[in-house]
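Worksheet: one structure, shown below.
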Amino acid sequence: MTLELAVAAALFVGVVAYALFGGADFGSGFYDLTAGGSRGGAELRTLVDHSIGPVWEANHVWLIYVLVMWWTGFPESFASAMNTLILPMLLALLGIVLRGAAFAFRKFAPTLGQARLYGAVFAGSSLITPYFLGAVAGGIASGRVPAEGRGDLWSSWLNPTSTFGGVIAVGTCALLAGVFLTADADRAGRASLAASLRRRTLGVGLVTGAVVFAALVPITHDAPTLAEGLRGRAAPLVVLSGLCGVATLVLLLRRRFAIARVTAVLAVAAVVSGWGVGQYPWLLVDELTLRDAAGADATLAGLLVVVGLAGVLVLPPLVYLFRLTQSEAWSEH
Amino acid sequence: MDPTWLDLAQVPWAAEPAGLLPARQQMALSLGWHIILACFGVAFPAMILVAHWRGVYRGDEVALGLARRWAKVSGVLFAIGAVSGTVLSFEMGLLWPGLMGPFGDVLGLPFAFEGLSFFVEAIFLGLYLYGWGRIPPKRHLLMLVPMALAGVVGTYCVISVNAWMNMPVGFAIEGGEVVDVDPWAVLFSSGALLQFAHMWVAAYMVVGFVVAGVYAAGMLRGRRDRHHRLGFTLPFVFATVAALVQPLIGHVLGLRIADTQPAKLAAFELATETESPSPLRLGGLLVDGEVRWALDIPRLGSIIARNSFTEPVQGLETIPPADRPPVNVTHVAFQTMVGIGTLLAVAVLVYWFARWRGRDPLANRWTLRAAVAAGPLAVVALEAGWIATEVGRQPWVVYGVLRTEDAAGDNPQVWILLAATATLYALLTVGAVVVLRSMARRWRAGEQDLPSPYGPEAAAAGGGRRADDAS
């Protein structure tokens, strides 16, 4: 494995991790938004607080990791993507800022009125952020980001692939969040809450699955290079995501929530990996390959040192955090 | 308008890319806002650690109560710090493609290490904030240690990039291409350590004085219980040490500028001409090339800036006009920082001298008022210091290598972005202040856990009461 491929793989692990963990946090905004009135939705909103409160900042760091690995490992392509996709990037960023701040403010809001305001901001921005990040991915995957100069400011993210990318991102986030929240509610012994979440998660899963496979049609015309990769090298991942998606729905139907978390994670990881593998060896599709985009070898080697250190310093406490938050003792509070 | 801006107006912006000025202001706004929160990320965990440690190991319930509240406050501050830091990550690429494209792989590695520390910090923050009552107390306390260490490492990493912008290392330029990249040289550059020390200690000054000031304000309103005295003294001790060490660090750091960035030193000192020995020029502005309204103290400039009785401060006349920074902004910002720093150092000395003589300075209302003012003053000094070093480096973004105008993207619409960002940050500031003040009010009213107003606990405890509060 070449140096730039190793760094690209490590970077893409970050993309998948952000899509899964950051995605599950963003997705909870969907259920928060549709939880109903302040009295009826109180139980669900409190569950959202408890579920993502301890982990959202750690999950958010995956985004920082991806950005830093990108600009350090593949600097010119980072500058190009930021230059062309400045609008969706800014809109995603706006969502990130509003989501984080409003979530923290809502938790300590003194009045119901303020909590409702912050709650609406939190939930709304939780939906726009994945949409625009998905649109960014679509712009890159459909070859609309030139390696040099600036591509079209608008059509680079207002196009079929970006639109489907955005919708799929929102859908997968909501699916993940739904499965995790249902499992949390079930573990905490809140039967009626778990039942309502299960119903809605099933709906989200059906719609998202349909959109993912419907997207394959327009992508064939709009992003031929990606489509070719999805039909070829990435085909096993596409199949895997389909199987895991169906398994998740079946497990939800049969109320096997703990295992459904695993299949949901696999399904989404497979979708995201399918995109990555599908567009390999391009970093900016049809414009710049990973090899040509790579920065200096010494820097790439340095990044691998950072990745190694992350494995030692970050993963163990991260696992500890997740184990604690997914344990019985934490759910009771 | 403030006359210092006249100098800025002389810069021929018309010839520069449309995106340059708004990009600069955008970066200044988002950095200037984030740096305050970053200070809390760096320094607050150490203070919480001391309070929490007293609570756990000395059975000090008041200290434990402080730790519990500070943890909740840090939950709010770190959240907005995390997102405002993310803004900067995006802006590196959105605003400065000419820097990140060619130099991303030169300056990126320290950011990768910073990302690593931020990861550790965020994980242990989650464990600490939500560990109350869930993790055994002594282990729970330990969660603060990696948090505090990660804050320090992260600061070093970010500062090493800024030090690299001041003293570029780790690459060569051949035929317009960046070659021979050595990212480790950036991370371990000789320029980084002192600059890091300066910022690290500044974080303790800012957080120490601000937090102490909050409790001083409480005492001014007659709340003179042990909670307020400890809440004042603990951060004030941190601030004291920091305020006394800072002038020394600043002085040593300043000495090297004569060699590394003479134009910046000339602007700091408002040295229009090379004089041997150089005077210390207090105040003053450069108007039409003439220094006005300055108080010159003979020889002192050479002594302070060069550690010598004769060595001159190299004057601006030796710097080509195209390479001169905006002199007045740099000079005023620098002297504001030094002035406030000196004032704070003297003030803490007076405070502890009075204590040593057996007086209780906290009984004096003017002491308390000064303590309240020290927080905002420390913030002003912090901002002034960053303005001095950043504006003083201009017109370069990478000193002597890359001009800021060549790093900026061509985004004339950035003005709209700047207006939007200013509005957003103003709203976030208001939101944070309202939430933090309401938390303090509810704590004073005797509430402990501050349940969310829509939660079942609130409903069970009579959610309507809070609705009354709002009216």
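Computed from the coordinates by the stated procedures, all read-outs in this text should not be read as laboratory data. Just so you know, these numbers come straight off a predicted model, no measurement behind them. When we count neighbours, we look across all protein chains shown, and the Cβ atoms used for this are built from the backbone with ideal geometry, even at glycine.
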## Note on the structure
Normalised per residue, the volume inside the convex hull of the alpha-carbon atoms of segment B:130-280 in Å³ amounts to 201
### Summary
Taking Cα atoms, the helix A:3-17 axis meets the longest principal axis of chain A at an angle in degrees (rounded to 10) of 20
### Task
Using per-residue counts of other Cβ atoms within 10 Å, averaged over each peptide, order A:183-190, A:95-102, A:239-246 from highest down.
A:95-102, A:183-190, A:239-246
### Query
How big is segment A:189-234 on each of its three principal axes, counting only the C-alpha atoms and giving the largest first in Å?
48, 19, 10
### Euclidean distance of C-alpha centroids, segment B:181-195 and segment B:23-56, integer Å
23
### Task
Find the centroid of the Cα atoms in segment A:223-245 and in segment B:200-261, then give the distance between the two in whole Å.
57
## Note on the structure
When the charge dipole of segment B:137-244 is computed with +1 at the Cβ of Lys and Arg and -1 at the Cβ of Asp and Glu, the Cα pointing farthest to the positive end, of B:Met165, B:Ala197, B:Phe232, is that of B:Phe232
### Message
Could you work out the relative contact order of chain A? I mean the mean sequence separation of Cα pairs under 8 Å and 6+ apart, divided by the number of residues, in percent.
### Response
24
### Query
Roughly how big is chain B's charge dipole about its Cα centre, with Cβ charges of +1 (Lys, Arg) and -1 (Asp, Glu), in debye to the nearest 20?
3120
### Query
To the nearest 10 degrees, how steeply does helix A:112-141 sit against the main Cα axis of chain A, on a 0 to 90 scale?
30
### Query
When the Cα centres of segment B:118-158 and segment B:302-353 are compared, how far apart do they sit, in Å?
37
### Task
Could you work out the per residue convex hull volume over the alpha carbons of chain A, in cubic angstrom?
124
### Task
Return one number: the angle in degrees, 0 to 90 and rounded to the nearest 10, between the long axis of the Cα atoms of helix A:42-52 and the longest principal axis of the Cα atoms of chain A.
40
### Task
Kindly give Rg over Rh for segment B:43-113, based on alpha-carbon atoms, with the Kirkwood expression for the hydrodynamic radius.
1.28
### Message
Mean Kyte-Doolittle hydropathy of -1.0 or higher plus an axial Cα length of 27 Å or more: which whole DSSP H helices in chain B meet both?
### Response
B:20-57, B:61-95, B:97-131, B:144-166, B:192-220, B:226-255, B:327-356, B:365-393, B:414-444
### Query
Just the Cα atoms of segment B:314-450, one point each, no solvent: what log10 I(q)/I(0) does Debye give at q = 0.10, 0.12, 0.20, 0.21 Å⁻¹?
-0.64, -0.83, -1.22, -1.24
### Ascending count of other beta-carbon atoms within 10 Å, so fewest first, for B:Arg393, B:Arg444
B:Arg444, B:Arg393
### Query
For B:Leu280, which sequence-distant residues (separation of 5 or more, or a different chain) have an amide H within less than 5 Å of its own amide H, given hydrogens modelled in the peptide plane?
B:Ile297, B:Arg299, B:Leu300, B:Gly301
### Query
When the helix-only estimate is applied to the protein assembly as shown (DSSP H runs of n ≥ 4, each -39,500 (n - 2.57), divided by the residue count), what is the mean residue ellipticity at 222 nm, nearest 500 deg cm²/dmol?
-25000 deg cm²/dmol
### Task
Show me B:196-202, B:221-227 ranked by packing, highest mean number of other Cβ atoms within 10 Å first.
B:196-202, B:221-227
### Query
Roughly how many nanometres apart are two label points built 7 Å out from the Cα toward the Cβ at B:Asp259 and B:Glu317?
2.7
### Task
With only Lys, Arg, Asp and Glu charged, each at its Cβ (+1 for the first two, -1 for the last two), find how big the charge dipole of the protein assembly as shown is about the Cα centre; round to the nearest 20 debye.
4260
### Message
What does the structure give for B:418-429 when I average, per residue, the other chain Cβ atoms found within 10 Å of the residue Cβ?
### Response
2
### Order of A:Lys107, B:Lys138 - criterion: other Cβ atoms within 10 Å of each residue's Cβ, fewest first
B:Lys138, A:Lys107
### Message
Rounded, prolate or oblate for the protein assembly as shown? Axes are the square roots of the Cα gyration tensor eigenvalues, ordered a ≥ b ≥ c, and the cut-off for rounded is a/c under 1.5.
### Response
oblate
### Query
Given charges of +1 on the Cβ of Lys and Arg and -1 on the Cβ of Asp and Glu, with all other atoms neutral, how large is the dipole of segment A:1-103 about its Cα centre, in debye to the nearest 20?
200
### Query
Using only the Cα atoms of segment A:45-163, what do you get for the radius of gyration and for Dmax, in Å?
16.6, 51
### Peptide-level mean, for B:180-192, of C-beta atoms on other protein chains within 10 Å
2
#### Entry: A:Leu117-A:Thr34 pseudo-label distance in nm [points 7 Å out on the Cα-to-Cβ vector]
2.8
#### Entry: Where labels lie 7 Å past Cα in the beta-carbon direction, separation of A:Leu5 and A:Ser155 in nm
3.5
#### Entry: Distance-filtered residues of segment B:50-82 - backbone nitrogen under 11 Å, label point 7 angstrom along B:Gln448 Cα→Cβ
B:65
